[in-house]
Amino acid sequence: MALMQVLRRVLGGSGSTQISSTARAFSSAPAPIKATLFPGDGIGPEIAVSVKQVFQAAEVPIEWEEHYVGDQIDPRTQSFLTWESLESVRRNRVGLKGPMATPVGKGHRSLNLTLRKELNLYANVVRGVVESLKIITRQASLRVAEYAFHFAKTHGRERVSAIHKANIMQKTDGLFLKCCREVAEKYPEITYEEVVIDNCCMMLVKNPALFDVLVMPNLYGDIISDLCAGLVGGLGLTASCNIGEAGIALAEAVHGSAPDIAGKNMANPTALLLSAVTMLRHLELYDKAERIQDAILNTIAEGKYRTADLGGSSSTTDFTKAICGHL
Amino acid sequence: MARRSFSLFKALTKTTTSFSLTPIPISRSVTYMPRPGDGIPRAVTLIPGDGIGPLVTNAVEQVMQAMHAPLYFEKYEVHGDMNRIPAEVIESIKKNKVCLKGGLRTPVGGGVSSLNVSLRKELDLYASLVITKFCSERIAKYAFEYAYLNNRKTVTAVHKANIMKLADGLFLESCREVAKKYPSIKYTEIIVDNCCMQLVSKPEQFDVMVTPNLYGNLVANTAAGIAGGTGVMPGGNVGADYAVFEQGASAGNVGKEKMVERKKANPVALLLSSAMMLRHLQFPSFADRLETAVKRVISEGKCRTKDLGGDSTTQEVVDAVIAHLD
């Protein structure tokens, strides 16, 4: 199944992580890691339950601190996210976020923007696509380029492609490319190339296997990550992770809150589960990550239990049970 | 850029996936009533350009000659590393009103600004980098007029107004205003991120699309990728007074040396662009003949360049197209 091949390739394996897992086996059971969980709105709470169930079945040593988006604006954050919620992520350094419907209105920051700014999240990884924040500066470009190459190295990827439109956006993308080249020199074992975004779109559609890790400014990041999402089957399957300074990471499902199917036990928890898997990788819990990811992919590939968006008729709970069964 | 390529490549994709060996029948229809003198050959400015440009423009020249099309080319040398387009070339285009262009290499980085862009600006081809009310209005008007004249059902505006609030907001406003004047045409809006995703999973939901230039190329390339690559995607840049026809999607192949050396570039995109040009010049039956011949060659599958999965040279494809002309 072409979909599975792309998903597997894109989610990556743990080629370079054998050593760390063996070392861990000799120590006693690790103390549970605290992680912040924002179930979010709409289908958020249901799929968050799925994640908790799968993690429990896989015996992942994570203790969740749940936080919800309020219905009042917290003056300290100027957002519906409370100061306590943000502090929780800052303290735990790792979090998982479900879909949040930004309430319509003015006078407050969007939830995603709040999170990005307050937690200083500078890189967004959507299955190998690393994008940086809006204003292109030398510092930001270097930082995200470093992350991209580091990501490639630790995940056994061979190639980093910088996506740009420097033929038109000569100053901004020109600076971005310069920074990428500087970082590339420090990683001679990784192939570095530059691709104009127009070509990138076409090549992605024709032959996505041509690419490995992509790095680009934010303006193109949204477009490319949505394009990739479309290729693998939609936002319902897309995992994403926001990276900040000093190793802080907030994994999130980028799909919407789907209010029309909320509470009906119909939602597909795959995106949130796969995002949780990237969170596990960030925490270096590679074998747990692999087990859960394989269980998800095998369940989908088997075809017996699939939620409505994948063409099946299983409920969220049945799908989750099937995944636990595959662990 | 006035995007006229989508409908054409959609028709083409339908043909490429059918793989039938029976020849496509000619549908005879009365296409138009000429005025006396319409058959007099028209002059068209031809810019072969860089890389594969000369190869594919030569393909067009051969096919036009084989069809005895009522036009002749005035060829000019322009290269991507020139500082500007020579004045005589601009004059020629202004005189002839129509130009066919191979491709101009754009140097990456700073310094020389793209000649492709400056050509569009010089001829005021409805494409500009700065979104103004004037520019948005006229491109929106063109999109709806095109849809109206071609019996299309939907016009979709592709934008990123949630981020580029001022520029794209203005663009959308213009589109909405124009939409009111065409109540029989459905008007929708879509954010470019979602658009790419939808294009990849369900392209048939789109009909005519209108976008600011920044996303135009991107969407065109994505669409080209689905259709089979930039090697098959035609395009045209249209303005009030002049029109320039070239490949619809920027290939980056302009500089592919191996393709140039081995003469294996795909001429289909430029051939289809020249068919668009024939329609623009109001020679619809020549356009029909050319497109039919190209469709036959592709669906037969015997003569295909590398990007379509074959191993033919440019010349072989040209010969096949000429052989399939009625």
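The values are calculated or read from the model by the stated rules, or taken from the named source; none is laboratory data. In this text, all values refer to a predicted model and were calculated from it rather than measured experimentally. Neighbour counts are summed over all protein chains in view; Cβ atoms, including those assigned to glycine, are modelled from backbone coordinates with ideal geometry. For the accessible areas, the whole protein counts, side chains as well, though only heavy atoms, and no ligand, DNA or RNA atoms are used. Shrake-Rupley method; radii C 1.70, N 1.55, O 1.52, S 1.80 Å.
Within the set B:Lys75/B:Lys95; B:Lys94/B:Lys121; A:Lys34/A:Lys153; B:Lys264/B:Lys302, which residue pairs have Cα atoms separated by over 20 Å?
Working: B:Lys75/B:Lys95 14 Å; B:Lys94/B:Lys121 13 Å; A:Lys34/A:Lys153 27 Å; B:Lys264/B:Lys302 15 Å.
Correct reply: A:Lys34/A:Lys153.
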### Heavy-atom SASA rank of A:Lys304, A:Lys165, B:Lys75, A:Lys206 (probe 1.4 Å, accessible area, largest first)
A:Lys304, B:Lys75, A:Lys206, A:Lys165
### Query
Which cross-chain or sequence-distant (5 or more) residues have an amide H under 5 Å from the amide H of A:Ala251, H modelled 1.01 Å from N in plane?
A:Gly95, A:Leu96, A:Lys97, A:Asn242
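So if we plug the beta-carbon distance of B:Arg262 and B:Asp81 into 1/(1 + (r/R0)^6) with R0 = 35 Å, what FRET efficiency do we get, rounded to 0.05?
So the FRET efficiency works out to roughly 0.90.
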### Summary
Sorted by chain and number, the residues with a modelled amide H under 5 Å from that of B:Leu71, at a separation of 5 or more or across chains, are B:Arg42
### Message
Nothing charged except the Cβ atoms of Lys and Arg (+1) and of Asp and Glu (-1): what's the magnitude of the dipole of the range A:130-195 about its Cα centre? Round to the nearest 20 debye.
### Response
220 debye
### Task
Would you tell me the accessible area of B:Asp326, worked out with a 1.4 angstrom probe on the heavy atoms of the protein chains, in Å² to the nearest 10?
80 Å²
#### Entry: For the range A:199-269: rounded, prolate or oblate by the Cα gyration tensor [a/c cutoff 1.5]
oblate
### Message
Sorted from largest to smallest, which semi-axis lengths in Å does the alpha carbon gyration tensor of the range B:95-210 give for its equivalent ellipsoid, taking the root of 5 times each eigenvalue?
### Response
26, 19, 16
### Task
Quick one: grab the alpha carbon gyration tensor of the range B:157-212, order the square roots of its eigenvalues as a ≥ b ≥ c, and give me rounded if a/c is under 1.5, else prolate or oblate depending on whether a/b is larger than b/c.
oblate
### Task
Report the label-to-label distance for B:Arg35 and B:Glu145 in nanometres (one decimal), using points 7 Å from each Cα along the Cα→Cβ vector.
1.7 nm
### Query
With the dipole of the range A:113-238 worked out from charges on the C-beta (+1 for Lys and Arg, -1 for Asp and Glu) around the Cα centre, which of A:Ser225, A:Ala140, A:Thr191 lies farthest toward the positive end?
A:Ala140
### Summary
Rounded to a whole number, the Stokes-Einstein D of the range A:155-284 in µm²/s (Kirkwood radius over Cα pairs; 37 °C; 0.692 mPa s) is 198 µm²/s
### Task
Take the Cα radius of gyration of the range A:282-327 and divide it by 2.2 N^0.38 Å, with N its residue count; two decimals is plenty.
1.22
### Query
Using the Karplus equation 6.51 cos²θ - 1.76 cosθ + 1.60 (θ = phi - 60°), what ³J(HN,Hα) coupling, rounded to whole Hz, does each residue of the range A:116-124 give in order, writing x for Gly and Pro?
4, 5, 5, 9, 6, 7, 10, 10, 10
### Task
Quick one: check the C-alpha center-to-center distance for the range A:265-327 versus the range B:262-290, whole angstrom.
50 Å
### Message
Quick check: from the Cα gyration tensor, does the range B:260-312 come out rounded (a/c under 1.5), prolate or oblate?
### Response
oblate
### Query
In whole Hz, what ³J(HN,Hα) sequence does the range A:249-266 give by Karplus (6.51, -1.76, 1.60; θ = phi - 60°), x for Gly and Pro?
9, 10, 7, 8, 8, 8, 6, x, 7, 6, x, 5, 10, 5, x, 9, 6, 10
### Task
State log₁₀ I(q)/I(0) for the range B:211-326 at q = 0.10, 0.17, 0.23 Å⁻¹ as given by the Debye formula over alpha-carbon point scatterers of equal weight, solvent excluded.
-0.31, -0.88, -1.36
### Query
Once amide H atoms are built 1.01 Å from N in the peptide plane, which residues 5 or more positions from B:Phe245, or in another chain, come under 5 Å H to H?
B:Cys99, B:Leu100, B:Lys101, B:Asn237
## Note on the structure
Note on the range B:113-266, DSSP bridge orientation, antiparallel percent to nearest 5 equals 35 percent
